[in-house]
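Comments concern the structure below.
The numbers here are math on the coordinates, done by the rules we state, and not lab data. Please read these numbers as outputs of a predicted model, since none were measured by experiment. Every residue, glycine as well, gets a Cβ built from its backbone with ideal geometry; the counts of neighbours run over all protein chains shown.
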C-alpha cells in the first residue's frame, strides 16, 4: 500500500485511531521516522480540521501542523462493514495508537485485549487524560490538566491570576512519552516477538514533566508557588531590562556568573560574598538585580546578546514565534520542511544514517479511503 518509507521504522504499520493533539503528534513523529501511518477518521473528521483560524487556504493550520506523513481513511465504527475493515487494520498493524476514553473501544472489539488476541505482536498505545482507574471517566483536555496538576499555580505574576501555558504543553509531552513507550516496546518485541500495551496519560506526564517543582513536593515537602519569570533556585535566570527591551539571562553556575560580571564591567560582584555562590545569589536576588540592571540598561539587547554569547553566557531576546523560526534558520537548523508544498516544522530528531523523511502532506479527509479500503478488503 502506498510508497514505502525510509528510515528506522520503515516497514512498520501504524494504525492511528487518535485525534486532536497528543496522539496525532505521536503518530506524525513515527511517520517521519519511516512508519506507514493510516489515520482512521470518523465521518466528521479529526476535530482539529475545524479548529480555525488560522488557516492555510481553507485548512486549519492546527491540523496541518501534526498530520503529515499519513494516509486518511474514514471508517464509521458504528457501521458493520466499516468496523470489519477497522478490525482488519488493527489485525495487520505493528502499532495501534488510540485516545478514546478508557474502555471506549471495547464495544467495537478494538480494545487491547481483543486486538492482541488476534495480533500477538501488536504494540498498542493508549493515551488518556487521567488513566484507567478513578480518572477513567474524565475528559482529557490539556487546559484542565494544566489546572489540576498545579502548573497554572506556577504560571503568571506572583500577585496576579494563574495562567495557562501558551501551548498545550502536556498534550505534546504525552505524545512524546507515547513515542518513547512505543519505541521501547518495538525494541523488546524484536527479541520476544510479542507486543504489549503502552499506557500514558496527561496527568502523569504533567507530574513527571514539572520535574524540579514536583520533586520539591515529593522529596522536600515544599509546595512551589507562582514567581512570574523568576526561578526558585537560580539567579539571574529571568528577563532583565536592557536599553531597548528585556533580555533573558541564564547564568546557571558560578563560572557563568563571573563571566557575566566581567562583560558587564562589574567583576567585583563575583567576589562579593552576597553573590559568590548560586545559593547566595538566589537568597540575595533583590540586592543583586538592581546592580545588574544598572549596567544592562546602558546598552541595547543586541549588543549584550553578542558579547555575552561570545563568552558562553546564555542569553537571548524575547522573540515572537516567527522570529524564533528566523533564528533557527539563521543558525542553520533548517526548521521548515514542505512535503507536498505544505510547510511544517521539521522533526527535531537528527539521525546520521536513517534520517527522518517527509513524504506526504497532511491528508484531506478520506483522501486515501478507496486505496486503503481496497487493501484491507483483500483476501
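Comparing 150, 228, 160 in a Gaussian network model of the chain where C-alpha atoms under 10 Å apart are linked, the largest mean-square fluctuation is found at 160.
How big is the stretch 248-379 by the Kirkwood estimate over distinct Cα pairs, in Å? With all distinct Cα pairs of the stretch 248-379 included, I get 19.3 Å. Normalised by the number of residues in the stretch 1-125, the mean separation of alpha-carbon contacts (under 8 Å, six or more apart) gives a relative contact order of 26 percent. Maximal additional length on extending the residue 13-residue 51 stretch stands at 10.9 nm, based on 0.36 nm per residue less the C-alpha distance. For the stretch 78-156, the Kirkwood hydrodynamic radius comes to 14.3 Å, computed from all pairs of different C-alpha atoms. Simple spin-label estimate for residue 314 and residue 216 gives 1.8 nm between the two label positions (7 Å along the Cα-to-Cβ direction from each Cα).
Across the stretch 36-57, the residues whose backbone nitrogen lies under 12 Å from the label position 7 Å along the beta-carbon direction of residue 371 are 37-39. Put simply, the stretch 131-273 fits an ellipsoid with semi-axes of 38, 21, 14 Å; these come from the alpha carbon gyration tensor as the roots of five times its eigenvalues, largest first. Could you work out how far helix 169-192 tilts from the main Cα principal axis of the chain, as a 0 to 90 degree angle to the nearest 10? Its long axis makes an angle of about 60 degrees. One decimal place: the segment residue 101-residue 84 gains 4.0 nm when fully extended, by the rule 0.36 nm per residue minus the C-alpha distance.
Computed over the stretch 237-319, relative contact order equals 42 percent, with contacts defined as Cα pairs under 8 Å that lie 6+ residues apart. Calculated FRET efficiency, residue 113 to residue 187, Cβ-Cβ distance, R0 = 41 Å: about 0.95 to the nearest 0.05.
Identify the residues of the stretch 226-253 with backbone N under 18 Å of a label point that sits 7 angstrom from the Cα of residue 298 along the Cα-to-Cβ direction, or state none. Counting backbone N atoms under 18 Å from the label point, the list is 240-245, 247.
If you fit an axis through the alpha-carbon atoms of helix 301-310 and take the longest principal axis of the Cα set of the chain, what angle between them do you get, 0 to 90°, nearest 10? Between the helix axis and the principal axis of the chain, the angle is about 80 degrees. As a test of the formula, what do you get for the chain when each DSSP H run with n ≥ 4 contributes -39,500 (n - 2.57) and the sum is divided by the residue count, at 222 nm and rounded to the nearest 500 deg cm²/dmol? Mean residue ellipticity at 222 nm (helix-derived): -11000 deg cm²/dmol.
Normalised by 2.2 N^0.38 Å, where N is the number of residues, the C-alpha radius of gyration of the stretch 315-379 stands at 1.65. Taking the C-alpha atoms only, the angle from helix 22-32 to the longest principal axis of the chain is near 80 degrees. When 78, 101 are arranged by Cβ crowding within 10 Å, least crowded first, meaning fewest neighbours, the order is 78, 101.
Among 227, 152, rank each residue by its count of other Cβ atoms within 10 Å, from fewest to most, as a rough exposure measure.
The fewest-first ordering by Cβ neighbours comes to 227, 152.
Panel order for 358, 187, by other beta carbons found within 10 Å of each beta carbon, from fewest to most: 187, 358.
Over all Cα atoms in the chain, the spread is summed up by Rg and Dmax: 24.6, 80 Å. Spatial offset of the stretch 29-80 relative to the stretch 104-164 amounts to 20 Å, using the alpha carbon center of each. Model label sites at residue 272 and residue 336, defined 7 Å from Cα along the beta-carbon direction, differ in position by 4.5 nm. Assuming 1.002 mPa s and 20 °C, estimate D for the stretch 237-319 with Stokes-Einstein, Rh taken as the Kirkwood radius over Cα pairs, in µm²/s. Translational diffusion coefficient: 172 µm²/s. Each label was represented as a point 7 Å from its Cα along the Cα-to-Cβ direction; for residue 352 and residue 306 these points are 3.5 nm apart.
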